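To start, the structure under review is shown below, and the notes come after it.
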Amino acid sequence: MNTPKATSAFVPAEEAVKPANFLRNVIERDLEAGTYANRQWGGGPGDAAKHAAGVPDAARVRLRFPPEPNGYLHVGHAKSICLNFGLARDYGGVCHLRFDDTNPEKEDQEYVDGIKENVRWLGFDWESPLGSNLYYASDDFDFMYRAAEALAQAGLAYVDEQSADQIRATRGDFNTPGTNSPFRDRTPDENVARLREMRDGKHADGSMVLRAKIDMASPNINLRDPTLYRIRRAHHHNTGDRWCIYPMYTFAHPIEDALERITHSICTLEFEDQRPFYDWLLERLVELGLLAHPLPKQYEFARLNLTYVVTSKRKLRQLVEEKHVSGWDDPRMPTLVGMRRRGYTAGALQLLAERTGATKNNTWIDYAWLDIALRDDLEAKAARAMAVLDPIPLKLTNWADVFGAAATEPCSAPAHPHHPEMGQREFALAPTVWIERDDFLEVQTKGYQRLFPGNKVRLKYGVIVECTGCEKDADGNVTAVLATVVPDTKSGTPGADLVKVKGTITWVSAHDGVPVTLNLYDRLFAVPQPGSADSLTAELNPHSMRVAQGYVEPSAGRLPAETRVQFERHGYFVTDRVDHTATRPVFNRVTTLKDSWGK
């Protein structure tokens, strides 16, 4: 299978080389060197003592997918899920699902449940023969607080009572070193006492924070005494009201990695500047006896940037709240719930993740890659059927002369042209059938080989017909196309190929065709890199959704919700997982059979 080539700018889907993945090289190097070969595993997250009392870790590597449960996962998260779980699978390890739930004001059990469902839908699981690995950062708040006290007692952290604005102003910038806080030189005992007062709710929200004591002149601003804890009276989805102080993400995340004995902590490039603090913190906790070597190492890769897509939670929320889309699961949204409803498959997202690889270079990947991956995934799986999206009746005026008194003529076709085991589909030819409106022209144009007066075409899987004209209303609009059946030309019968035609069109019988609603989706944005203009809504594609009322053959009309099918000529569709019913079928177009964007 050809895979597309990444470049530093836009990546055309037609180019193809083996995708780079430097993370595989890192893992293979560490396995060969035995970097993590002597790890002990205490059966779950724990400090140095717990793991020292454990058993040799049967997992060769441990990775993790650590979402914050504060919203819906999107296509970029899918890349991270596939990368982490896939590498763990390929190298005899496990991948943890960890909820980094350190910000109670924005987190909710609804998002926890949705994330679990998305991970499993993508084909991965935190349950493995080596055990269950579902964790919450909040389950280790006790250890994090213990670590905070240990840092304060060791003179490596202090309680700062400056306001947030003062801390921001004294941190400096890339050209100016920071200024020491007037509270920086408190004694360890004073800092521990103040920290305990914070923990016990004796101070107001925002009145003080715990900061690491590193270097206010560091060229890396992230090392200028970063905040470790803040006071925040907020109900937590997991710990309730037990805590009124919460650890910062940058403090909790490396600690969780170490407690879970993660070997390779994989994140996106925006965390690269945080790596020095990640390492500083873990080494200090080793020195204090709370953690032990070998420690996890952080590696950063370029996030997935798809053209015509935004993944900013703020911007996606704007689209929902301003009702530019119907909700988080709108099939045009890049959220996993939206993409699943649109009809994208877990297999397609896995292919996209594999083909885009893992590099250190930020790139924009052409949206066409996603559709290519979908077509490659569905081509051998999706049953075929005929559908008419813009119907106009075709009347076969000599029906009785050819078929006598029969009301219909049975026809059949393979459910899949290359997989006979999928069976046959049955439908009927009748005196009136539905065809696409653009399959008829009163006056032929150059290259047009479908219906026009005097021309013959084959009704696919049916008969050859010759167009004789059309019917019109009082305003001159075509209301029906007229044709005659050419005798002895039914597909599959002797002599059917003796009459040669240049055009073949799909159709659905008026006798057994099923009326359906078809949501014809396209890209939500009209510009390749949305979000860069002053107005996000000005970049929306006004043609991102069109609703059609059409007809499908009987086999498609009986499909259950969330079933994918290829409508011949038109592309891949899925029965909507929300609105589709047996009596009111609703299909969403996932993608056309070939990329036609901008053409």
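Couplings 3J(HN,Hα) for region 405-410, derived from phi with the Karplus relation 6.51 cos²θ - 1.76 cosθ + 1.60 (θ = phi - 60°), are 7, 5, 6, 9, 10, x Hz, where x marks Gly and Pro.
Hey, if you put +1 on the Cβ of every Lys and Arg and -1 on every Asp and Glu Cβ in region 448-488, which of Ala483, Val457, Cys467 ends up farthest toward the positive end of that dipole? It is Val457, whose Cα lies furthest towards the positive end.
When Arg232, Arg384, Arg29 are compared by accessible surface with a 1.4 Å probe, the order from highest to lowest is Arg29, Arg232, Arg384. In region 352-509, the inverse of the mean reciprocal separation of distinct Cα atoms equals 18.2 Å; this is its Kirkwood hydrodynamic radius. Residues whose amide H falls under 5 Å from that of Phe301, counting only those 5 or more places apart or on a different chain, are Cys267, Thr268, Leu269, with hydrogens built in the peptide plane.
Relative to the longest principal axis of the Cα atoms of the chain, the long axis of helix 141-153 lies at roughly 40 degrees. Looking at region 473-599, the DSSP beta bridges with both ends there are about 85 percent antiparallel. Comparing Cα centroids, region 444-485 and region 107-177 end up 67 angstrom apart. Three principal axis extents of region 94-226 based on alpha-carbon atoms, in descending order, are 52, 37, 28 Å. Taking the C-alpha atoms only, the angle from helix 109-121 to the longest principal axis of the chain is near 60 degrees. Here the 3J(HN,Hα) profile of region 47-57, calculated from phi with Karplus coefficients 6.51, -1.76 and 1.60 at θ = phi - 60°, is 7, 4, 5, 5, 6, 4, 8, x, 10, x, 6 Hz, Gly and Pro shown as x. A simple rule links phi to the HN-Hα coupling: the Karplus curve 6.51 cos²θ - 1.76 cosθ + 1.60 with θ = phi - 60°, which for region 212-224 gives 5, 9, 10, 7, 6, 9, 4, x, 8, 4, 5, 9, 7 Hz, with x for Gly and Pro.
A full extension of the chain between Ala52 and Ala474 corresponds to an added length of 143.0 nm, given 0.36 nm per residue minus the alpha carbon distance.
Under 15 Å from the Cβ of Gln449, count the other residues' Cβ atoms, weight Lys and Arg +1, Asp and Glu -1, and hand me the total. Once positives and negatives cancel, what remains is +4.
Cα convex hull, region 445-512: 105 Å³ per residue, rounded to a whole number. Note on Thr445 and Asn398: the extension gain reaches 14.2 nm, defined as 0.36 nm multiplied by sequence separation minus the Cα-Cα distance. The distance from the alpha carbon centre of region 547-599 to that of region 283-352 is 27 Å, rounded to a whole number. Each 5 Å bin, from zero up to the one with the longest distance, holds this percent of the alpha carbon pairs of region 245-347: 2, 11, 16, 15, 11, 12, 13, 10, 6, 3, 1. Legend: residue pairs Lys116/Lys594; Lys381/Lys446; Lys79/Lys116; Lys106/Lys360, Cα-Cα distance threshold 25 Å; pairs beyond threshold, Lys116/Lys594; Lys381/Lys446; Lys106/Lys360. Run through the DSSP bridge list for the chain and note the antiparallel percent, rounded to the nearest 5. Here the antiparallel bridges make up roughly 65 percent for the chain.
Each label was represented as a point 7 Å from its Cα along the Cα-to-Cβ direction; for Ser312 and Arg24 these points are 3.5 nm apart. The Glu283 and Thr176 beta-carbon pair, evaluated with R₀ = 41 Å, returns a calculated FRET efficiency of approximately 0.90. Estimated from the Cβ-Cβ distance and a Förster radius of 56 angstrom, the FRET efficiency linking Lys502 and Ser218 is about 0.15.
Restriction of the GluC sites (Glu not before Pro) in region 338-447 to DSSP coil positions whose beta-carbon has at most 16 other beta-carbons within 10 angstrom yields Glu379, Glu442. For Ala358, the residues whose modelled amide H falls within less than 5 Å of its own, excluding neighbours fewer than 5 places apart on the same chain, are Ala20, Asn21, Phe22. Computed over neighbours whose Cβ is under 14 Å from that of Ala58, the net charge equals +3, Lys and Arg +1, Asp and Glu -1.
Annotation: amide H of Cys470 within the under-5 Å range of Leu482, sequence separation 5 or more or interchain, hydrogens built in the peptide plane.
Using the alpha-carbon atoms, what tilt in degrees (0 to 90, nearest 10) does helix 188-199 show relative to the longest principal axis of the chain? Relative to the chain, helix 188-199 is tipped by roughly 40 degrees.
Carbon-plus-sulfur accessible fraction, region 122-165 (probe radius 1.4 Å, protein heavy atoms only): 50%. Here the contact order of region 443-599, divided by its residue count and restricted to Cα pairs under 8 Å and six or more residues apart, works out to 16 percent.
The values are calculated or read from the model by the stated rules, or taken from the named source; none is laboratory data. Remember, predicted model here, so these are calculated numbers, not experimental data. Methodologically, a virtual Cβ is constructed for each residue, glycine included, from the backbone with ideal geometry; neighbour enumeration extends over all protein chains shown. Accessible surface is based on the protein model in full, side chains and every heavy atom, while ligands, DNA and RNA are left aside. Shrake-Rupley method; radii C 1.70, N 1.55, O 1.52, S 1.80 Å.
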